[in-house]
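Here the structure is laid out as structure tokens; the discussion comes afterwards.
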Amino acid sequence: MIKNKIEKQQQINIVVISIGSFILGVLLNLLFVWISDSYKYTSWNDGKYYGDMSNGVPNGEGRFKKDGITYSGFWENGIMASGKIESDKYIYEGELNGTKFSGYGVAEYKDGKKYWGYWLNDYKHGLGLLKSKDNKLSFCFFDHGNMQIVPDANYNIGDKVYGIDISRYQGIIKWQDFSCNAEGEISNKLDKSHRYIQPVLFAIAKSTQGSKLRDSRFESNYSEAKRCGKVCGAYHFLTMTASGKEQAKYYIQNTPLSKGDFPPVLDFEKNNADGKTISDEKFAEIIPIAKEWIAEVKRYYKVSPIIYTNTNIYRTFIATDNELKKYDVWIASPESSQPNINNYILWQFSHNGEVNGIDESKVDINIFNGNYEDLLEYIKTKGIK
């Protein structure tokens, strides 16, 4: 009995010692990190700099702290050309001139406001989109922080929410400059003479086609559109060359959608990859492939996909199918009136959007079925979580 008590006490002592050693190790490690971190900081320009230096000034990746503000980015001879600035009032990320906002950048304020647009020496300067803390949008030209009012112009966000869909054919896009007028014409070089301009608020990029083709510009289109504050999405062009499961797997592997994005989109049309029209009889064979793709993608992303198609296909193949008709649709109906379809969420009303500075200048223009508040609510309830 006494022997058992001694052995039990020894076991308790071992556990206590082990826990104590672990805690001591953690504390020593934290102390080492703190000492190392403090040691690597260099006094510079009345602040503390941590990172690469040469000739006594920041050169390379580094972080600078002064007066409660942190500047992080790539430095060249003591000047930061782009990076991130954090204070107790805002977080800014974009182009810089030293430590001043200059060029294109995004500022998110702690009171809920947000601005995407151009700056000059810390002032909003040029074309910009300003969101208030209650999600009201203003889109206009700024001059050293002041909104520029053009007589008879309307720069407020209207009831229509414009967006584009793009692929590699549009080439390199200047996302930060996009805007469009009341007719849905968009340009990346609109000037103040335009009497009614609206921002392009969402962008849906082609990601994949079939089970082997990945759009070469998807990554850059998606990341740049997101950087510039667009609500993003990605579509897959369905083919008959592979099963729905194979195509879904390929889309999933190449499409890292994130919170706040549109649901996955299935491009479901009668033109095959070669641009040839498929007969109704042949097209009926793609329906099971589409259903298989939808099921796999829905399971992975945990949201219901959107189906992209035209009015004829919708009425012939989707509205008559008890399974497919449950999904929201994106209707391609260029040069015609608004779709008379209850569950349409996007309307592609033009294939002829003009974008200056892009080699393949024609782009598809779309309108969301609702205002900006409706778009935010749709993304919140049906978008990627």
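Each of D134, D261, D328, D374 has some number of other Cβ atoms within 10 Å of its Cβ, and from fewest to most they run D134, D374, D328, D261.
Taking the fewest neighbouring Cβ atoms within 10 Å as the starting point, the ordered list for D46, D165 is D46, D165. Starting from the Cα of S243, step 7 Å along the direction of its Cβ; do the same at K259; then give the gap between the two resulting points in nm. So the two model labels end up 3.5 nm from each other. What FRET efficiency do you get for V57 and H144 if R0 is 25 Å and r is their Cβ-Cβ distance, rounded to the nearest 0.05? The value I calculate is 0.25. Across region 44-143, the volume of the C-alpha convex hull divided among the residues equals 80 Å³ per residue. Once the mean of 1/r is taken over each pair of separate Cα atoms and inverted, region 196-260 shows a Kirkwood hydrodynamic radius of 12.6 Å. Counting 0.36 nm for each residue step from Y123 to D88 and taking away their Cα separation leaves a gain of 10.8 nm. Computed from label points 7 Å out along Cα-Cβ, the spacing between Y169 and K48 is 5.6 nm.
Counted over region 266-342 with a bin width of 10 Å, the fraction of Cα pairs per bin, in whole percents, is 17, 52, 28, 3.
Any read-out appearing in this document is the output of simple, stated calculations on the displayed coordinates, not a laboratory observation. All of these numbers come straight from a predicted model, not from anything done at the bench. For neighbour counting, all protein chains shown are included, and Cβ atoms are generated from backbone atoms with ideal geometry for every residue, glycine included.
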